[in-house]
Amino acid sequence: MTRLTRDDLEAARDRLVPDVVADGLRVLFCGINPGLMTAATGHHFARPGNRFWPVLLLSGFTPRLLAPSEQGELPAYGLGITNVVARATARADELTAEEYREGGRLLTEKVTRLRPRWLAVVGVTAYRAAFDDRKAAIGPQDRTIGATRVWVLPNPSGLNAHWTTTTMAEEYGRLRAEA
């Protein structure tokens with residue numbers, strides 16, 4: 001991968017990262033918002049140290065380790081990626097409560113249109129903020145969006161020290177078994 005400069009990353013703040021979606025997916029993964037590396041490259045979960053791609057493999061969602069640049073292969077496995085908030089930031093704590101609420105509203109519209117079997121929000125704090133559900137915990141939720149069930153997964157960011165790659169893969173694997 002080409003090394004990105006600070007200027008490249010700052011310019012990325014204004015870029016939108018396209019969703020990787022299709023109608024009727026098994027699982028639509030939903031990140032919090034694009035990081036600057038993701039916005040600069042156009043590839044979801046692109047930051048080195050993010051564990052999303054290894055966890056997909058270890059949990060059995062994919063048969064091999066995909067690179068972020070191979071995200072277009074996900075729909076062939078019945079998977080997709082979107083975000084709660086479209087705006088790229090260096091850190092999720094730069095987002096406002098209003099952005100999360102609006103993101104939850106827009107995500108609900110997207111899920112209603114695409115009809116995945118499962119919406120998997122990667123980050124319990126983001127889920128709580130977007131859907132005003134203060135008691136939500138990791139795992140399946142009571143909420144549905146139409147016929148779509150909702151599962152909250154641990155955030156795969158390398159900053160999430162509460163979860164190891166192994167324990168994260170176990171939780172993602174629980175969803176895979178249900179999906």
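The values are calculated or read from the model by the stated rules, or taken from the named source; none is laboratory data. Everything quoted here is computed from the prediction, not taken from an experiment. Please note: Cβ atoms are built from the backbone with ideal geometry, for glycine as well, and neighbour counts cover all protein chains shown. We work out accessible area using only protein heavy atoms, side chains counted, and drop any ligands, DNA or RNA first. Shrake-Rupley method; radii C 1.70, N 1.55, O 1.52, S 1.80 Å.
Of note:
- Top-ranked residue in region 1-29 [being among the aliphatic types (A, V, I, L, M) and assigned to a loop (DSSP other than H, G, I, E, B); ranked as modelled with the lowest pLDDT]: 1
- Region 14-37 - residue that is among the β-branched types (Val, Ile, Thr) and touching a Pro at 6+ places or on another chain (Cβ under 8 Å) and, of those, surrounded by the most Cβ atoms within 10 Å (Cβ to Cβ): 27
- Residue match in region 64-80 (condition: of a type in the set (Lys, Arg) and closer than 28 Å to residue 48 by Cβ): yes
- Any hit, region 119-130, residues being open to solvent by less than 40 Å² (accessible area, probe 1.4 Å) and over 18 Å from residue 28 (Cβ atoms): yes
- Filter result for residue 144 (at pLDDT 95 or above and polar (S, T, N, Q)): yes
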